[in-house]
Amino acid sequence: MTDRLYYHDSFLYDFDAEVREVTDSPRPALVLDRTAFYPTSGGQIFDTGTIAAGDAKLRVTEVADADDGSVVHYFEAEDSTRHSFKPGTRVHGQIDATRRRDHMQQHSGQHVLSAAFIRLYDMPTVSFHMADDYCSIDLDTPALTKEQIESAERLANEIILENRAVDIRFVTRDQAGKLGLRKLPPTERDELRLIDIHDFDLTACGGTHVSQTGQIASVLLRKVEKVRQGWRVEFVAGQRAVATARRDFTTLTEAAALFSAHIYDVPQQARKSLDEIRSLRKQREQSQEELAAAQAAALLAETAETNGRKLVVRTLSDGDLNFIKLLAQKVTRLSTHAVAILATTSPQPSVVFAQSAGQPFDMGALMKETMAKLGGRGGGSKDLAQGGIPSADGIDANLSAIAATLAA
Ligand SMILES: [Zn+2]
């Protein structure tokens, strides 16, 4: 069992210890007789830092609990350095204080927030998750309103502002049962470590916490989403809250500049732009229809009948696949005996084959044949087929050859 120094002092960032064990399997790791490094547990993530023996220094990249109660420090080091660490070696551990302080702010912020949801709405927290950028709690509740979120956030920040003492107490399981804990851990252990936020929250927890709520600085609630057994609430505390608000502001400022508007007017401006886009799209569809109808009429007028049908063959240099499809449909509907063999060279080389209802050819089959020849992909029905081709080179000659077969 490793003596866990962080149990008694979360602000202990460096310590002396003795190496108990060095291993390479499954990856290089150290076990010490005592440590201030926090191993991932109870939703809080591990500390990082260094362990030094004289001039030799290991970089601790991950810390975990082992089944036998010891704390395992995974490290990175050159072979020459690691040979300085053997069972019995005296070492000095140094924890990354910035990372630890951030974790204390997030984790303590979680205690305050979870207690706020209990106090106000009797909504218990069933799990806590800490990631590198944000944290979340899952609340056991069928519903969660915007007002409830804002009220819990307000209460949590009031408790932070009041700078209440956060004490660590050790009690027996029997004593804990009489104290009215927010959450009693399921473990069989007889001694429990309690985190006591003065007159606000009492819960059993093995994590690292601030000593006064003021050190949490602030709690900012963010996204909420429905999860299987309740609602997930994302939050950030302390410096993360400031960094997140800073990032939100930068993003919003960028968006506001695009609209030449104040940041608070961005949603209104975005809605206005979307409405305009929708209206323009509608207008464009309307003009495409009109343009296609006029072009179809002109094409039919200038095409002479061959074998009792009009064979319209044309390559457009601009017009997307949708437009030539529309054009082919107009040609084959305006005339009862037309066949349209159309292509466009840009923006994407494409072809469309169509015939008036009742004409004898199979456009789908013809398209498959053509695609096999041109190396494209496409298909369709008996009366209408489309395909995309990798290059428009020689497309006119190909269309003429197809027309010649149909005219024969
Ligand atoms: Zn805790």
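The values are calculated or read from the model by the stated rules, or taken from the named source; none is laboratory data. Source: prediction; values computed, not measured. Backbone-built Cβ (ideal geometry, glycine too); neighbour counts: all protein chains shown.
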(Q) What's the total number of residues in the range 125-144 that are modelled with pLDDT of 95 or more and assigned to a loop (DSSP other than H, G, I, E, B)? (A) 5
Q) Here is a list of conditions, (1) touching a residue at least 60 places away in the same chain (Cβ under 8 Å); (2) buried (at least 19 other Cβ atoms within 10 Å of the Cβ); (3) away from the ligand (no atom under 15 Å from the Cβ), and ILE160 meets all of them except one; can you say which number that is? A) (1)
(Q) under 28 Å from PRO39 (Cβ atoms), without any contact (Cβ under 8 Å) to a residue 40 or more places away in the chain, of a type outside the set (Ser, Thr, Tyr) and not in a loop (DSSP other than H, G, I, E, B): is that true of LEU184 in this structure? (A) no
Q: Exactly one condition in (1) away from the ligand (no atom under 16 Å from the Cβ); (2) touching a residue at least 12 places away in the same chain (Cβ under 8 Å) is not met by ASP174; state its number.
A: (2)
Q: Quickly run through the range 173-188 and pick out the residues that are farther than 20 Å from SER108 by Cα and exposed (fewer than 12 other Cβ atoms within 10 Å of the Cβ).
A: ASP174, LYS178, PRO186, THR187, GLU188
Q: Could you tell me whether the range 36-54 includes any residue that is closer than 30 Å to LEU144 by Cβ and not in a loop (DSSP other than H, G, I, E, B)?
A: yes
(Q) Take the conditions modelled with pLDDT under 95, farther than 15 Å from TRP231 by Cβ and surrounded by 13 or more Cβ atoms within 10 Å (Cβ to Cβ) and apply them to LEU155. Does it pass? (A) no
Q: Mind counting the residues in the range 237-251 that are under 17 Å from the mean Cα position of the chain (by Cα) and surrounded by fewer than 13 Cβ atoms within 10 Å (Cβ to Cβ)?
A: 2
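Can you tell which of LEU113, LEU120 is modelled with pLDDT of 95 or more, aliphatic (A, V, I, L, M) and surrounded by 15 or more Cβ atoms within 10 Å (Cβ to Cβ)?
LEU113
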Q.
Given the criteria charged (D, E, K, R), in contact with a strand residue (DSSP E or B) (Cβ under 8 Å, 6 or more places away or on another chain) and under 30 Å from ARG247 (Cα atoms), does LYS223 qualify?
A. yes
Q: Within the range 190-220, count every residue that is within 16 Å of the ligand (Cβ to nearest atom) and surrounded by fewer than 14 Cβ atoms within 10 Å (Cβ to Cβ).
A: 0
Q.
Looking at LYS325, LYS310, LYS330 in this structure, which one is part of a strand (DSSP E or B), in contact (Cβ under 8 Å) with a residue 24 or more places away in the chain, buried (at least 16 other Cβ atoms within 10 Å of the Cβ) and basic (Lys, Arg)?
A. LYS310
Q) Among PHE15, PHE46, which is within 30 Å of ASP133 (Cα to Cα) and in contact (Cβ under 8 Å) with a residue 24 or more places away in the chain? A) PHE15
Q: Can you confirm whether the range 96-113 contains a residue that is acidic (Asp, Glu), more than 32 Å from the chain's Cα centre (by Cα) and within 16 Å of the ligand (Cβ to nearest atom)?
A: no
